[in-house]
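Coordinate-derived values only; no laboratory data. Owing to the predicted nature of the structure, the values given are computational and were not obtained by experimental measurement. For neighbour counting, all protein chains shown are included, and Cβ atoms are generated from backbone atoms with ideal geometry for every residue, glycine included.
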Amino acid sequence: MKKQDYKNMWVYIEHDGKTVSTVSLELCCEARKLCDVTGDKLVAVMVEGLPEAEVKKIRECAVDGLMVVSGTGYETYNNDAYTNLFTVLCQKYNPSAVFVGGTTNGRDFAPRFAARLNTGCTSDAIQVVYNPESGDIEFIEPAVGGKMMAVITVPVLRPQVGTIRPGTFKYEPTGEKANVEIIHETVNFDPAQSRTKLLKFVPEADDGSVNLAEEDVIVCIGNGVTGAEKLPKYQELAELLGGKVGGTRPMFDRGILPFKQMIGQSGVVVKPKLIISFGVSGAINHTAGIKDAGLFIAVNSDPEAAIFGVADYGIVGDMDEVCDLMIEALKAKQ
Amino acid sequence: MANFHSVTPELAEQLKAIVGEKRFQYGDKVKEDYSHDEMPIYGKFPPEAVCEVESTEEVSAILKLCNDNNIPVTARGAGTSLTGASVPIHGGVVVCTARMNKILSYDIPNMAVTVQPGVLLQDLAADVDKQGLYYPPDPGSKTSTVGGNVATNAGGMRAVKYGSTRDYVLALTVVLANGEVMQLGKTVCKTSTGYSLLHLMIGSEGTLGIITEMTLKLVPKPAMNVSVLLPFERIEDCIATVPKIRIANLDPQSIEFMGIDIVNSSSDFTGKKIFPTTYNKKEVDASILVTFVGENEDELYEKMEKLDALAAECGAIDTLVIDTPTLKTDVWAARSAFLNAIEGDTKILDELDVVVPVDQIANYLAFVRSVGDEVGLTIRNFGHAGDGNLHIYACTNDLEFDEFWKRNKVLMAKCYTECKRIGGQLSGEHGIGHAKKEYLEESVGEVPYRLMKAIKALFDPNGILNPGKVCS
Amino acid sequence: MLKILVCVKQVPDVNLVKIDPVTGSLIRDGVPAIMNPLDGNALEAAVQLKETYGGEITAVTMGPDAAMSVLRECVSVGASKAILLSDYAFKDADTLSTSYTIEKGASMFGKYDIILCGKETLDGATGQMGSQLAERFNTSFVSSAALIEKVDEKAGTVTVLRETEYGEETVEAKLPVLMTIEKTNYQPRIPNFKGKKFARTFEITKLTSDTIEGLDKNKIGAPGSGTIVPRTYPPEKTASGVMIDEGDDKKNVAKVMEILADKGLV
C-alpha cells in the first residue's frame, strides 16, 4: 500500500467517563486545520461511555466522524488493551495520521502501537504543518534542550503517529458539522491477556486552591532558587498580587513544588494577565507554556539569560532581594 | 582619623571631572550596594562618592586629590569580602575597580598573565584555561575580583597543593596614597632583591596602596582530575586521616572536610542527596573529599589505589570515586552550597576563618562546639581540612541581634585565644577588615603589631587609605 | 535469581551545547559526553533490585566506541555483563530501529525478567524508547515508575508505584516487565574504587550488524527508521523586552510597581 492510499486523520479522545480531556479537544481543533488543507476527514476515536454533553464538545471541534469503540478491557487505562485497540483499528481503516495527547497514558501506549504497526512516531511537536510536496506532516519540535528546532517527518510509513503535549494547541472550536458520521466498532481485549493491573489509585492531593491554568497572576520560580526555604517569600508575593506560585520543571524535580504547579510544555500551560518569573533561565520547554501570558516580567541575575528575550520587562538582579523589595513595595501600598 | 573631611560639592565636581559623569556617583545617587559587603552584619556604611575607575591615571588623580583634602578612600572590587574590608566605614570615596576588567596580555614562555584588578576570578580561570594553562588559586567566591584576591591573599581549596594567591603574584602596579605610581616585582622565577614590598602589598587590604595592574604566575594545566570521597563513622578518625594523606606523598590538590550536619543541610537545601549519609549499613558521621590532578588516568589510579589502602587502615567505610562529569557537577554543586545551606536555615550568623595546625583540627572544633554550648549559640562548620583552614559559623535562629552579638563576642574572644594557644592564626583567607581588627594585636603579638602600624604610617601618612581596617 | 537488563545511552551534556550565533549550528566542542542522567536512575534501581533480590545485571548501549565509558559506569556499580552495539550501519536510527537493534543484541545473551531504562534522554527527549522496547521485548510495560515496591519471583509479578499527572498509582505488572524509572527515589550512588578499578579493564562485548544474530539489516539505522529529520533551524528570536535599569534593585522595583499600576494590575 502506498502512503497516498492512507486517508483521514484521527484524534484519540482521552476521557474518564465523565469529562473529555482538554488536550483531545485541542488536538481536534489543530487537526481540523490540517484536514482542511489535505482534504482528509477528521475522525475522533473514543471508547464509549462519555456523556452526550461532553461528546457535543468534540462535535463542536468540527470533526467529520466519531468512532465509538465498545468492548472489554478499557475500564481503566491499560497499556496492552490500548496498544491492541489502535493496532486493530489502524489495520482496518488505514488512517494517514493519528494524534494522541501527550499525557502520561498517551505517551505510554502511542509509541508502542506505532512500533507494532512498524511506523514512525514523534512526540512533543509544538507545531504541525502539512507539506504538499512530500505529502507528509511536518512535526516541528524543540531539540537539544530547546536550542534548535527540528522538523520531523514520517516519509514512507503510515500512519504518522504523534503525541502532543497538553496546552500546545488552542482549543478554539469552529462549530459542529452538519453530517457527522458515527462509526461503531467493537474490539474486545481479553483481560487475561493484560499484563498490567491497577491495584490502587490515590488522586493527586488537591487543596482546591491551585489551578494555574485559571490564575490571572502567577509568580513563577526557576532553578535559580536556592532552596525550598525560599518558597514562602514567593508565596507571599503571589498572595499580595492576588495570584499563585508556579515553577519550572526543576522545581518539581527538586521537590520544591508539586507536579501540578509546574509550568511549561511538560506541565501546565498558563495564560495569566501577569506573570513575574524569578531565576528562570528561559528554556523553550518552559516558555512554550507561557506564550499566551499578558504582561511578563522576568528577574534573573544573568544578563544573558534567554528569558529576557521573551519577557516584556527584565530586571537583572538577585531574585530573593528583588522579591523582598516587591513585597515591601506592595505592603507599603496597602 | 576623626578629622577626615567630607566630600563637598566642589570636591565632587573635581572627582567627577576625573572619571566623567557616567562613572561617578555622589550623595543620594550612590547605590546601596556600596555600603556593605557580603557580611552586612558588621554594619552598613554608605560612601559619600563612588568613582568607577578605568585606569591607573584616574586612580592616581583621585588619590592625590583625596590625600590633599584628607578624604578617606576605600578600594572595592566585587564587594564579596567577608570582613567589611571593602566597606567605607569612615565614608569618603569608594574607588571601584570593577570596570578595570581586562586581561591585558599573556607571556606564555614565562607562564604569566597581566590583568587589571577588576577581572573576575571565574573569567580569569576560564580564559587561562583556553591558553592551556592553569591559575591555581580558587577562593570560594568565583565572582570575586582578582584584585580583591590579591589584596586579601585569598586562599581556596587548592592551597593544599598550590598555595594561596600570594604564591602567584609576580608583579604589581600600585598607586600610593599621595598618588605616586610604583611598580613592584618582575616576571621572574625568584628574587633576592631587598625587602619585598610586593609581598607587603599582598594581603594589605587596600590600606597601603591601590593595586591597578597585576602580573600573575600560571602553571601547566593538569590534564585531568578526580575526586575521592572518604566517609567515616567517627569524626576523629576522619580528621586523623588528613595528615596521613599528606605524609603519604599523594600530593592532593585539596582535602575538604564535611560533617554530617552540613551534608544534610546541603541536601535539604539543593533537593539532591549526593553525599551518602549511610553507607554499607553504617552511619556516616563525617567525610573528607580529596581531589587529585594528574597527567593521565594511570597516574590518578595509582594515587587512588594508595589512598584506598590508606583509607581502609584509617577506618574509612569505603573509597568512593567521583570521576564522571555528572558526578563532579553534582558533588561540587553540593559542596558549593554549604555556606548557602547554613545561611538558608540561619537567621543571624558570624564566622571564624581560623587556620590551625592540621593535627589540631579535631581538638579545635570540639573546643569551639563546647564554647558554643556554653554561650548558647549553634556551631556549624566545614572547611579546608588539608591546610587546617576552618570555616566555623556561630548561628542563631531565635535570638535578637543584640543578644546574639553579646554572646558572639564572648565566643569569638575565647576561640581566638584558644586558636593562638594551639599555634593557629586569626584568618586563613578572608582577611581582617574591620570585623577581626580587634583580635589582630593579640594574634600577632605586640611588637609585630607595632611594626605593622609603623609601616602603615610610612605608606599612608595621612591615614586616608581604607581607615579603620587591619591595623589602622 | 533475577536477570536484569539496563539500557543506557551516552549523550552530550546539552545544557553546555551552544549555538553559533552566525551559522546557527551547534557548537559541541568541549561539551562532555555523559551517561543520560535519567539512565543513571534506572541503573541505580537495577543495583537496588540486585541487592534486595539477588540477580545479575546486564548493561547495553548503542553508540560509538566512546560509549563504552557509560557501560563501564554500569560495571563499576555492579553490572556483570556489558554490551556495546556499535556499527556505522546503526547511524541515524530513530526509536523504531534503535529499539529493534537493542532487543536483537541484548537477547543474544538470554532472556531478562526486568528491563529498565530512563524516562527520556537529554538529547532526543522523545520518551518513546521505553514503550517501544517493551514492544520489541514483548514484555509488560510500566512507564514513570517512581518506586519498585516488590518483586515476587514465584508469582512472576512486580508491584510498582507510578507517578502521573492524575495521582499516584500502584500497578502490578507481570514479568518480564520493562519499566522507565523516575528520578524520585533512585539518586545514583557514587561507585567505590574497587568497582571503578574492576570496570576499567572489564571486557565489554562489542557487537556489530554482522555479529548480532538474526538481524534484519533493513530494520536498522536510517533504513529501519520510521521518522527522519529533514532539517533543523535555530528558534526564532522573539522581540527583546525592555530592560529596567534604574540604578539599583529598589528603584527597579519602584519602576515595576509603576508599570503594574499603569496596567491596573495592583
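Taking amide hydrogens as placed 1.01 Å from N in the peptide plane, the amide H of A:R165 sits under 5 Å from those of A:G102, A:D124, A:A125, each at least 5 positions away in sequence or on another chain. Using a Förster distance of 45 Å, how high is the FRET efficiency between B:D402 and B:K453, based on the Cβ-Cβ distance and rounded to 0.05? So the FRET efficiency works out to roughly 0.90.
Beta bridges assigned by DSSP with both partners in the protein assembly as shown are antiparallel in approximately 55 percent of cases. Its Cα centre serving as origin, the range B:235-370 has a Cβ charge dipole (Lys and Arg +1, Asp and Glu -1) of approximately 360 debye.
Applying a threshold of 20 Å to the alpha-carbon distances of B:K303/C:K81; B:K142/C:K251; B:K44/B:K142; B:K306/C:K196 flags B:K303/C:K81; B:K142/C:K251; B:K44/B:K142 as lying beyond it. Sorted into 10 angstrom bins from 0, the C-alpha pair distances of the range B:224-343 split as 14, 47, 34, 6, 0 percent.
Given the protein assembly as shown, what whole percent of its Cα pairs are spread farther than 48 Å? Looking at the protein assembly as shown, the distances longer than 48 Å represent 36 percent of pairs.
All Cα-Cα distances of the range B:1-136, cut into 10 Å bins from zero to the largest, leave 12, 37, 30, 16, 5, 0 percent in each bin in turn. Ranking B:I348, C:G156, B:L440 by how far each Cα lies toward the positive end of the dipole of the protein assembly as shown (charges on Cβ) leaves C:G156 at the top. Each Lys and Arg Cβ is given +1 and each Asp and Glu Cβ -1; about its Cα centre, chain C then shows a dipole of about 780 debye. Arranged from fewest to most other beta-carbon atoms within 10 Å of their beta carbon, B:V53, C:V266, C:V229, B:V7 become C:V229, C:V266, B:V7, B:V53. Peptides A:58-64, B:88-94, C:87-93 ordered by packing proxy, namely the average of other Cβ atoms within 10 Å per residue, highest first: B:88-94, A:58-64, C:87-93.
Which pairs, out of A:K177/A:K197; A:K260/C:K50; A:K147/B:K217; A:K200/C:K183; A:K170/C:K263; B:K347/B:K469, put more than 30 Å between their alpha-carbon atoms? Those over the limit are A:K177/A:K197; A:K260/C:K50; A:K147/B:K217.
Relative to the dominant Cα principal axis of chain B, helix B:325-344 is inclined by about 60°.
Each DSSP beta bridge with both residues in the range A:38-173 is either parallel or antiparallel, and the antiparallel ones are about 45%. Here each label is just a point 7 Å from Cα along the line to Cβ, and for B:T187 and C:D29 those points are 2.4 nm apart. Among the residues of A:323-329, the average count of other protein chain beta-carbon atoms within 10 Å of the residue beta-carbon is 4. Does anything in the range A:307-334 have its amide N under 15 Å from the 7 Å Cα→Cβ label point of C:A254, and if so which residues? Zone members listed by number: A:325-326, A:328-330, A:332-333. Put in line by how crowded their Cβ is, counting other Cβ atoms within 10 Å and starting with the fewest, B:R380, A:R112, B:R407 read B:R407, B:R380, A:R112.
Bridging of A:K271 to aspartates and glutamates at a Cα separation below 14 Å is possible for A:E214, A:E215, A:D216, A:D292, once same-chain residues fewer than 8 apart are set aside. In terms of surrounding Cβ atoms within a 10 Å radius of their Cβ, A:Y93, A:Y77 rank from fewest to most as A:Y93, A:Y77.
Whole-Hz Karplus values for the range A:74-84 come out as 10, 4, 10, 4, 8, 4, 5, 5, 6, 4, 5 Hz, taken residue by residue from phi with 6.51 cos²θ - 1.76 cosθ + 1.60 and θ = phi - 60°; glycine and proline positions read x. Cross-link partners for B:K414 among the lysines, with Cα-Cα distance under 21 Å and sequence neighbours closer than 8 places in the same chain left out: B:K406, B:K436, B:K437. Each residue of the range B:191-205 was assigned a 3J(HN,Hα) from its phi angle through the Karplus expression (A = 6.51, B = -1.76, C = 1.60, θ = phi - 60°), giving 7, 9, 10, x, 4, 8, 5, 4, 6, 5, 5, 5, x, 8, 6 Hz with x at Gly and Pro. With a cut-off of 14 Å on the backbone N, the residues of the range B:415-439 near the modelled label site 7 Å out from B:R166 along Cα-Cβ are B:425-432.
Between B:I103 and A:M1, the modelled label-to-label distance comes to 6.2 nm, taking each label 7 Å out from Cα in the direction of the beta carbon. The share of C-alpha pairs in the range A:3-193 whose separation exceeds 31 Å stands at 10 percent. Rounded to 0.05, the FRET efficiency of the A:F259 and B:E180 pair, given R0 = 45 Å and the Cβ-Cβ distance, is 0.10. When the range B:103-220 is described by a simple charge dipole with +1 on each Lys and Arg Cβ and -1 on each Asp and Glu Cβ, the residue from B:N149, B:A125, B:P137 located farthest towards its positive end is B:P137. State the answer as a single residue: which of B:A248, B:P325, B:I235 lies farthest towards the positive end of the charge dipole of the range B:224-343, with beta carbon charges of +1 for Lys and Arg and -1 for Asp and Glu, about the Cα centre. Projecting each Cα onto the dipole axis, the largest value belongs to B:I235.
From helices alone, the protein assembly as shown scores -9500 deg cm²/dmol at 222 nm; the rule is -39500 (n - 2.57) for each run of n ≥ 4 DSSP H residues, then divide by the residue total. Converting phi to 3J(HN,Hα) with the Karplus coefficients 6.51, -1.76 and 1.60 and the offset θ = phi - 60°, the range C:92-103 yields 6, 6, 8, 5, 4, 7, 5, 4, 4, 5, 5, 4 Hz in sequence order, with x at every glycine or proline.
Label sites at A:T174 and B:K273, each approximated as a point 7 angstrom past Cα along Cα to Cβ, lie 5.4 nm apart. Does a label point 7 Å from the Cα of B:S370, set along Cα-to-beta-carbon, have any residues of the range B:202-236 with amide nitrogen under 18 Å, and which are they? The answer is B:235-236. Mean per-residue shielding of peptide B:312-323 is 3, counting Cβ atoms of other chains within 10 Å of each Cβ.
When +1 charges are put on Lys and Arg Cβ atoms and -1 charges on Asp and Glu Cβ atoms, the dipole computed for the range B:9-98 relative to its Cα centre reaches about 100 debye.
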